[in-house]
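Here is the structure we will look at, set down as structure tokens.
Bear in mind these aren't lab numbers, they're just calculated from the coordinates by the rules spelled out. What you see is a predicted model; the values in this text were computed from it and never measured. Heads up, the Cβs are rebuilt from the backbone with ideal geometry, glycines too, and the neighbour counts pull from every protein chain shown.
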Number of protein chains: 2
Amino acid sequence: MAAPFEYQVLDLTDDEVAAEAAVFGALTDAVRRLNEATLRTTVDHDTVEQVRQQVEELTARLEKSMIPGSFGVSFTKGGRVRSYGNAVVGLRNPLAVPLKIVQDKEAGRASAEFELNALYEGPPGQVHGGVVALVLDQVFGEAAAAGGTPGMTGTLKLRYQLNTPLGACSAAAWVDRRDGVKTIVKGELRRADGTVTVTAEGIFILPRWAREQLAEPGGTPPQYE
Amino acid sequence: MAAPFEYQVLDLTDDEVAAEAAVFGALTDAVRRLNEATLRTTVDHDTVEQVRQQVEELTARLEKSMIPGSFGVSFTKGGRVRSYGNAVVGLRNPLAVPLKIVQDKEAGRASAEFELNALYEGPPGQVHGGVVALVLDQVFGEAAAAGGTPGMTGTLKLRYQLNTPLGACSAAAWVDRRDGVKTIVKGELRRADGTVTVTAEGIFILPRWAREQLAEPGGTPPQYE
């Protein structure tokens, strides 16, 4: 059974990858700040109209040459994996927080500290419940991978115990146990004062195509960056 | 027990609200397109640098006057509720898809049809599992509200059955049953060909402050737009 999607192999050295990451990462960070200003601005309508026109001009410049479809996941020749388009961690995705997830392979654990600003709001002043799920899904997947058993989300169950105010947050997840191709991961979200606000449990399943790939000589689970 | 957060009442007529929505909505749409171009562009590094500088200038213009903190939820004098900042449906939030959710109050049901582009990617070419959760949490909450029992997410359990390719999707949720202050909602995500890819069940809980507000003469659940 083949992978249901293609991974791209890029003809770039690690230095070229670093140079590209610096330039495109800086643009993405700038666009993240524009996103927040777009939401929060109270300037007059004429100014908004002028800014809109200029945003459209800049978009047209970038659109002159684009990858077809989505960014996908690519490997460099050095074997490094780039998931720059990822909605949670993607270096080149302006929607991504972005989360910088730390993996602890010995403990089968992943964690991240991050800020959620006004763009991630649900109830007034609070993190959107769905954003909590979005962030935890990614951290859970990376905990399963850290534990040596990467997988796709099979189930995810979230229990919202307290509100999570916008601002500083942290998330952690760890492999609780394994059952055949299933890796059971548990984890939580904490607000700035360290109080756990949401707990969750997920089952991650290693797809058959990935099991075959791992069984090949030298086959190792991909390490995302 | 007071609401844990403040709702803002705006001194605007419905016409003024419509004019404001048109101007700021157009800017937000333009920034959404810039987000996608930022992710997918392959123009040269010099062009990226020039675009970044201009994005920073536009951001500075918008930042000259901003609401403090997050957008929150506001009521107009006409009693309409605006959740423009919401991470899934917000008219002024460039991260929001945005979902246009249709509520069916008689059936206690909510649904939406929408496109998820490259910005919402997890596995190559596929919708991020956490984005599925983000979208469903919002649709589920609006189903509970459509059924007359709005609430905050208590639990949300998702079962990922098949991949969801990027592109056209639809989501639906309905009130399954009620148990005291709990509203049990069920729902699903479908990909373009109509196949259900993810099913979910959630419990939505009416907070005590909202129960007290609803019990007041003329108290009605808020209708979001």
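Things worth noting here:
- Tally of Lys pairs whose C-alpha atoms are under 25 Å apart, taken over the protein assembly as shown, 8 or more apart or cross-chain: 26
- Normalised by the number of residues in chain B, the average gap of Cα pairs under 8 Å and 6 or more apart makes the relative contact order 17 percent.
- Cut-off 15 Å between beta-carbons: net charge of the residues surrounding residue B:185, Lys and Arg +1, Asp and Glu -1: +2
- A cut-off of 5 Å between modelled amide H atoms, ignoring neighbours fewer than 5 places along the same chain, links residue A:126 with A:166.
- Proximal charge balance of residue B:158 [Cβ under 12 Å; K/R count +1, D/E count -1]: -1
- Translational diffusion of chain B was estimated from the Stokes-Einstein equation, with Rh taken as the Kirkwood radius over Cα pairs; at 4 °C and 1.567 mPa s the coefficient is 67 µm²/s.
- Share antiparallel - DSSP beta bridges, the protein assembly as shown, percent rounded to 5: 90 percent
- When the charge dipole of chain B is built from unit charges on Cβ atoms (+1 for Lys and Arg, -1 for Asp and Glu) and taken about the Cα centre, the candidate among B:103, B:17, B:85 whose Cα reaches farthest toward its positive end is B:103.
- Computed from the C-beta positions of residue A:105 and residue A:22 and an R0 of 22 Å, the FRET efficiency is 0.20 to the nearest 0.05.
- This model, with +1 at the C-beta of Lys and Arg and -1 at the C-beta of Asp and Glu, gives the protein assembly as shown a dipole about its Cα centre of some 1480 debye.
- Peptide B:45-57 shows a mean partner chain C-beta count of 6 within 10 Å per residue C-beta.
- Projected over every direction and averaged, the convex hull enclosing the alpha-carbon atoms of the stretch B:111-150 yields 2.9 nm².
- Couplings for the stretch B:187-193, taken from phi via the Karplus curve 6.51 cos²θ - 1.76 cosθ + 1.60 with θ = phi - 60°, read x, 7, 10, 10, 8, 3, 7 Hz in order; Gly and Pro are left as x.
- Under the Karplus curve 6.51 cos²θ - 1.76 cosθ + 1.60, θ = phi - 60°, whole-Hz ³J(HN,Hα) for the stretch A:121-135, x wherever Gly or Pro sits: 7, x, x, x, x, 10, 5, 4, x, x, 5, 4, 5, 4, 5
- Centroid-to-centroid separation of the stretch A:189-208 and the stretch B:38-58 [C-alpha atoms, Å]: 35 Å
- For the stretch B:102-207, the alpha-carbon coordinates run over 43, 23, 21 Å along the three principal axes, in decreasing order.
- By the helix-only formula, in which each DSSP H run with n ≥ 4 contributes -39500 (n - 2.57) and the sum is divided by residues, the protein assembly as shown has a 222 nm mean residue ellipticity of -10500 deg cm²/dmol.
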